[in-house]
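Okay, structure first, notes after.
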Amino acid sequence: MTLKVMPSPLLDTGTPEAKRQEIRSYFQTTWELYEKLFEVMACDEAYFLRADPLRHPLIFYLGHTAVFFINKLVLAKSISERVNPRFESIFAIGVDEMSWDDLDEKNYEWPTVSEVMAYRNQVRLVVENAINDLPLEMPVSWDDPHWVILMGIEHERIHLETSSVLMRQLPLDMVKPHPEWAVCEKSGEAPANVLRDVPGGPVALGRPGNRAQYGWDNEYGQLESDVASFRASSYLVSNAEFREFVEAGGYRTERWWTPEGWDWRTFRQAEHPAFWIPVGDRDFRLRCFIEEIAMPRNWPVEVNQLEAKAFCNWKAEVSGRPVRLPTEEEWYRLLEVTGLAGHATWDRSHGNINLASYASSCPVTENITAGFGDVVGNVWQWTETPISGFPGFRVHPLYDDFSTPTFDTRHNLIKGGSWISTGNEATRDSRYAFRRHFYQHAGFRYIESEKSVEIAEDIYESDALISQYCEFHYGRDYYGVPNFMVTAAEICRELTAGKKIARALDLGCATGRATFELARFCDHVTGIDFSARFIKVGHLLQKKGYTRYAIPEEGDLVSYHEKSLADMDLEGVRNKVEFWQGDAHNLKEQFTNYDLVLACNLIDRLYDPTRFLDHITPRINAGGLLVLLSPYTWLEEFTPKDKWLGGLKIDGENVATLDGLRARLEPGFRLVTEPRNVEFVIRETARKFQHTTSQMTVWEKIRQ
């Protein structure tokens, strides 16, 4: 089967100009394919329905992929001007039910479909111009300007698939038939699913740094493992095979479910898979992408991981054998045994994948390799393995919230791709994970193995930078210097004595200590940071009351720490704080009407401090305080020199940052007190520390 969709380009072959043209074509085909997906929407009303309560309406995703390009190009300093700041705020974030994903509809006045399409047309021109103008050298690596373009393309291909899942959950009258999205017409009786031997052996996981195609950060690093022999089902579990579980009382028998799974089943009152549509008392139809069809018994069932796990537990009980889902390593071992491993390029389909065949699943017997069906394609396959980074993992600095928010033991890997998986998703090295109760075009195969799987229920934060900031915020004091965040919050308390602080904002909150501390005397505090890696710590502290992290001692040696809100006498403020991800230059509209804004060590790390000051000013109430702390370590790595507020000569005269602040803030603000110095110490290792002094300036807004 010839591929219908252009595969992810090779980045280490050809001339720069030929590669530029290939990237341009890849962008254009991706953009047009994504818009073609939305042609199945029957009316504008469909864009504003919430198909899934844990997702935005589809109008968000129509705008989101375009906004992603602009926000990343601005962050990379590849473009200097935004296209539509409001759109680039409201369409910025919304993938998972994290605290920084704003699913509250009262915070949005969505634009019309035509307005979003007009915006997409504008963005397309910006991106095409960037492809034409940005420098390109071969090979293209993740530090190169065009990597950001590829990041945006692959991001849109992810949403091609996730948006199709949402459309599948819309009422049928909200979608319409489309000749480009035709389902498979083959169906019949399901085959008997027998187990076949898979010999054990070594597997090597992780994308080498010199792999020729685009990769997401979680794919890099290296993990080698010896996999024990196991037996795997010949086919993916079919609708007919899963119905045996349903008819055996699978959805009403608690012992076959994990505690998490039974909680979900009880909450949802689930009695069968979500895409099965009951017909009378005993029959079902199948909801496909944009239509319902008679139940194809020999297509793979589509369920979440909790349902797949319950089926395996039932199968183990009735067979008396150790049946479970495969691990990530076991899936790779099966891939190698079938001879499908190592395909870096795709000139033909190796299964029902990359839109090469249908806009739906197909019979589980259609793509057989070495006795196993659908090792790649048809539907994604759930695993036992929660996603985490491989040894050597590092985040991409322009997209630090792609992977790390999922390293929480609650997101399980799916492998193999589905019929609509394209680009990076259709490569051997792809690693995607979803919460176990989420639906994708995902099913499973089961294995039989004597080797048990141990899943950690809790983890220690091991990201070096995040751990360092956990210790900075929640650890002990060093060299007699008091905790910086506590000190900043206490000074704010002194400055606002006698005033009611209804709403406060901790901007650049990092892991959140000052957010909690401000809540001691403020009615409500919002913590906002650009980095999801930081936000995750504050969110988990608020939710669970504690955090765990590992900090380096020397070399490879680390020590383990647990800090709780109770230990810091902060347990009582948990309901007074909230954490969001956001860009200080372009906050969402609901972040306003503050009596106090605290920005610790932020202003000299912004790409446009003047824009930030102009942006935050109208969000502060008259009489409210803007409290800024910064060591003024201006670096072109973070802020272009022509954007520095101070620390340079202008017309031969020295201009300090305080001068720049006065020039920008006065006369709308007045300096409340003389600037003061606040020290802080950051621990790097047991014997290496950073000792720094920030200048604190406090500004009162004197007019609205």
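The values are calculated or read from the model by the stated rules, or taken from the named source; none is laboratory data. Since the model is a prediction, treat every value here as computed from it, not as a measurement. Please note: Cβ atoms are built from the backbone with ideal geometry, for glycine as well, and neighbour counts cover all protein chains shown.
Miscellaneous remarks
- Unique residue being crowded, with 18+ Cβ neighbours inside 10 Å and in a loop (DSSP other than H, G, I, E, B) when the list is Trp699, Trp634: Trp634
- Verdict on Thr639 being touching an Asp or Glu at 6+ places or on another chain (Cβ under 9 Å) and not in a strand (DSSP E or B): yes
- For Val127, the conditions (1) within 24 Å of the chain's Cα centre (by Cα); (2) over 15 Å from Ala76 (Cβ atoms); (3) assigned to a helix (DSSP H, G or I) are fulfilled apart from (2).
- The single condition among (1) assigned to a strand (DSSP E or B); (2) surrounded by fewer than 24 Cβ atoms within 10 Å (Cβ to Cβ); (3) in contact with a Gly (Cβ under 8 Å, 6 or more places away or on another chain); (4) not β-branched (Val, Ile, Thr) that Phe434 does not satisfy is (3).
- When restricted to residues that are surrounded by fewer than 18 Cβ atoms within 10 Å (Cβ to Cβ) and among the hydrophobic types (A, V, I, L, M, F, W, C), the stretch 611-631 contains 1.
- Restricting the stretch 569-579 to residues that are crowded, with 16+ Cβ neighbours inside 10 Å and either out of contact with any helix residue (DSSP H, G or I) (no Cβ under 7 Å at 6 or more places or on another chain) or of a type outside the set (A, V, I, L, M, F, W, C) (or both), the residue that is farthest from Leu540 (Cα to Cα): Lys576
- Entry remark, the stretch 654-688: residues being touching a Phe, Trp or Tyr at 6+ places or on another chain (Cβ under 6 Å) and either under 30 Å from Ile551 (Cα atoms) or not assigned by TED's automatic domain parsing to the domain that holds Tyr474 (or both) number 4 in total.
- Residue in the stretch 476-484 that is of a type in the set (A, V, I, L, M), part of a strand (DSSP E or B) and either outside the structural domain of Lys688 (by TED's automatic domain parsing) or without any contact (Cβ under 8 Å) to a residue 60 or more places away in the chain (or both) present: no
- Within the stretch 1-54, the residues that satisfy the criterion of being within 28 Å of the chain's Cα centre (by Cα), among the hydroxyl-bearing types (Ser, Thr, Tyr) and either part of a helix (DSSP H, G or I) or loosely packed, with under 15 Cβ neighbours inside 10 Å (or both) are Ser25, Tyr26, Thr29, Thr30, Tyr34, Tyr47.
- Matching residues in the stretch 628-664 - criterion: being in contact with a Lys or Arg (Cβ under 9 Å, 6 or more places away or on another chain) and over 28 Å from Pro397 (Cβ atoms): Val655
- Within this structure, Glu562 passes the test of being more than 28 Å from Leu606 (Cα to Cα) and not small (Gly, Ala, Ser).
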